[in-house]
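Below is one structure, written out as structure tokens, with a few remarks after it.
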Amino acid sequence: MPGVSFIAPRNIEIVKATDLGGVMVLKHEDLYMLTDGFGDIHPDSRGLGLYDGDTRILSCASLRINGSRPIVLGADTGANYRGIIQLTNPDQFPDPSRKLDARLALARQSLGISRDQVLDGALYERLSIANFTPHPEPLLIELRLDVDAADIFEVRGRPRPKRGDRLPIAVRDDGRLTFGYRGLDGRVRWVYVAPGGGGRVDPADEGTEGSVVVRWSRDVPPGGLAELEWKVWSELSPPLDGAGTYGDGGVEFAGEAAPANTASSRRTASRRRGPSGDDAGPADGAARTGGLTDAEMASLFPQPPAVDPLRAAETYRTWTHDATVLASDNELFDLAIQRCVADLRLLMNAGPDPGEQYVAAGVPWYTTLFGRDAVLTAYEALAFRPAIALDALEVLAARQADAVDDERDMQPGKILHELRTGEMSRTRELPHRPYYGSVDATPLWLILLGSAYDWTGDRDLVDRYWPNAMAALRWIDEYGTGPEGFVTYERRTPQGLVNQGWKDSSDAIRDSAGRTVEAPIALAEVQGYVFDAKRRLAGLARMRGDHDLASRLDADAEALRKRFEEAFWLPDRQYYAMAIGRDGHVADAIASNPGQCLWSGIVSDERAADVAARLCEPGLDSGWGVRTFAAGQPGYNPIGYHTGSVWPHDTALIVQGLKKYGFHDEASRFAGSIFEAAQHFADFRLPELFCGFERERVSVPVPYPVACSPQAWAAGAPLLFLRSMLGLRAIAERHELELVRPHLPTWLGKVTISNLRVGDASVDLLFHRWRGTTSAEVLRKDGELEVTIRM
């Protein structure tokens, strides 16, 4: 049986992530990875790492060949779960003092190096090195490794007065490694590394990255190939009972490590040293544990999981099977659509409970369940991917609040804002267990329920969630609505969000002088959400035979519209205020919020043209999309998170609103701007947001430094643009599909939709633009469905 020794982990500093430039992203289910362009993970300001949920399980994985970093030739991460990086070697000299002796040099581009990285329940990497020289090449391959087990909030810069303990690194003679971190909650995060090919594990050299280094020596013949592989996976233990230790002699081991400050761990964690004082290999005596039983060894070094790229690929094939297919005569448009569909699959997470799934909000910061994001993404994709909406309704309804808990801004009937599972949430350093500080997730959930019924005609769906809908309605009326008759927010915990709409940064809500507005705050777009939610809920109540409730909800909605018009309209600006705060403080800055009021339909027909005109003015129209906050006023910052940036989902909702009120050209212009912006981002992937610099000044959209990419509602935006341009409106309960004033932009001549589902029926449609007019044709129809065009 192999022996086991231990290496003390190095003291490390968790570097705050301040930018995501040049980061490559892979994700499959709950496992995701951020590497640099070389495929490496190392401590820097980009938050690189392998993450399992909210925990970084690999903070260093850096490759060197003969002591040098390879040169990148190219990389492909288009498969989302798999990345292939092609590299080669630089000029290499075994003896730096003899650089002129060409016989000793390995000339650059003599090796073909390929890194094939796959996520499928674990990280699997296969390294291939081809020798293109006419003579044998001895190679020293090194992989520097470390695990900090950082909570994602630590990576984002959240200070912690204390962290848990990093445990001694267990090393088996065959190269297997086990890292451990005991959190402040008493649970241990185990990270297992299984290098293949007989690698030797040593403490990392001083001045290099990582706590340990795995070294392989290979002699590669002319034209030959060397191949190596390794796997990384993790698990989270139950809370410790204080009983388990590991070390030499008299071993007590129950799958848990002793605290790092025990005598046993101090003895076995001593860094191995050779006779000369240099780091040495596995030592005898105190640093070796020979007393482990087979069961204890198996617990410390479990069998590696099987990783199968074909299995991951099959999930993507299943995702696209029997789904709506979109195609056009614009290849770049098609690429953007294909990317958004693939990214929605990438963002699928299993859970939170067995049998559940949902679309995570975004990689890397929001790879978890967000109520608002899940609902809006589902709405964007509803016409083409209705299953996303059904998942979102289920997962959020299951976690709807049923009590008051001020520590989490929670009241009965409220839909959650954010669910976290990392150490900082488990120790209550954060309120995200889940946290309910969202003023809009609840009415948006109701909008999604009504919209899902429009497309599915599923009365059982409505009946199933009717108790949740009534609870959500009670929250709006009893907890959310303030004395002025508007739905407002104000945090009840110091850990809560100051602003609780989608613009949730602390400086997002301002007046025309640039001053921030204090809570309680009534946001313009939230009043629109509530208006739309009550109208949709009235329709569902009428369908269920509750006409009294339907009449009350219709009356409530119209009364809210009247109050909104009176309180939010700014006559001197011919536009709506973005919000009204404490003591009637009007946030009268020009912002995008009223644009979303077009989407909800709360804007009066008489004032819609003024809103559309303001949106199209240079202050809000950046040329790449609608700014969150207009240029030329105090507080504007094109690099601000919500004070001048462009968010694709915001523009997408505004575009549907413009289309609803008949502003086709304006809608097409904004949709075209976002699609043109997508062409300038890698793989046509729209990020969470980008900077709001005017297009006349910058020839390409400027990235926001820490924007999530991929991000769910940015990925869904192109689907909503298309649905808006084609005017798709389903009334599945009547077996009807309306094409309301379809209007293809000048940059799209033809669009084909195959297998569009309305209730139990499906249809293929062809849209064609000719001399400024868009026509539609039914190519195939299966099931009972009447398709009508409303011009």
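Rule-based calculations on the coordinates, nothing more; no lab input. Everything quoted here is computed from the prediction, not taken from an experiment. Here Cβ is always computed from backbone atoms with ideal geometry, including for glycine, and neighbour counts include all displayed protein chains.
In degrees between 0 and 90, to the nearest 10, how far off the longest principal axis of the chain does helix 664-678 point, with axes built from Cα atoms?
0
Hey, if you put +1 on the Cβ of every Lys and Arg and -1 on every Asp and Glu Cβ in the chain, which of LEU326, ALA519, ALA226 ends up farthest toward the positive end of that dipole?
So the residue we want is ALA226.
Given DSSP loops and a limit of at most 16 other Cβ atoms within 10 Å, what is the longest stretch of the chain that contains no such chymotrypsin sites (Phe, Trp or Tyr not before Pro)?
Longest run free of exposed loop sites: 133-746.
Report the FRET efficiency, 1/(1 + (r/R0)^6), for GLU314 and THR493, where r is their Cβ-Cβ distance and R0 is 51 Å, rounded to 0.05.
0.70
Residues in region 1-37 near a label at ARG69, defined as backbone nitrogen under 15 Å from the 7 Å Cα→Cβ point?
Within reach of a label on ARG69: 21-24, 35-37.
Over what distance in Å are the Cα centres of region 529-577 and region 442-457 separated?
Each part reduced to its Cα centre gives a spacing of 16 Å.
Just want the ordering: SER506, SER68, SER668, SER114, from fewest to most Cβ atoms lying within 10 Å of their own Cβ. Please report the intermediate quantities before stating the final value.
Numbers: SER506 11, SER68 14, SER668 22, SER114 17.
Arranged by neighbour count, lowest to highest, SER506, SER68, SER668, SER114 become SER506, SER68, SER114, SER668.
To the nearest 0.05, how large is the calculated FRET efficiency for ARG582 and ARG552 if R₀ is 35 Å and r is the Cβ-Cβ distance?
Calculated transfer efficiency: 0.70.
How large is the dipole of the chain about the Cα centre if only Lys and Arg carry +1 and Asp and Glu carry -1, each at its Cβ, rounded to the nearest 20 debye?
920
How big is the charge dipole of region 201-240 about its Cα centre, in debye rounded to the nearest 20, if each Lys and Arg gets +1 on its Cβ and each Asp and Glu gets -1 on its Cβ?
Dipole magnitude for region 201-240 comes out near 140 debye.
Once every DSSP H run of n ≥ 4 in the chain is given -39500 (n - 2.57) and the sum is divided by its residues, what mean residue ellipticity at 222 nm do you get, rounded to the nearest 500 deg cm²/dmol?
About -8000 deg cm²/dmol.
Given R₀ = 35 Å, FRET efficiency for ALA513-GLU777 by Cβ-Cβ distance, to 0.05?
0.05
For region 417-516, which GluC sites (Glu not before Pro) pass both filters: DSSP loop (anything but H, G, I, E, B) and at most 14 other C-beta atoms within 10 Å?
GLU484
Given labels modelled 7 Å from the Cα in the Cβ direction, how far is it in nm from GLU484 to ALA403?
The two pseudo-label positions are separated by 3.4 nm.
Let me have the relative contact order for the chain, percent, based on Cα pairs under 8 Å that are six or more residues apart.
Taking the mean separation of contacting Cα pairs over the length of the chain, I get 10 percent.
Starting from 0.36 nm per residue, how many nanometres of slack lie between THR752 and ASP294 once their C-alpha separation is accounted for? Don't skip to the answer; put the middle values down first.
Details: separation 458, 0.36 × 458 = 164.88 nm, distance 6.15 nm.
This chain segment gains 158.7 nm when fully extended.
Counting other C-beta atoms within 10 Å, and keeping those with at most 11, which DSSP coil trypsin sites (Lys or Arg not before Pro) do you find in region 531-596?
Sparse-neighbourhood loop trypsin sites (Lys or Arg not before Pro): none present.
Separation of region 735-791 and region 317-358 by C-alpha centroid, Å?
21
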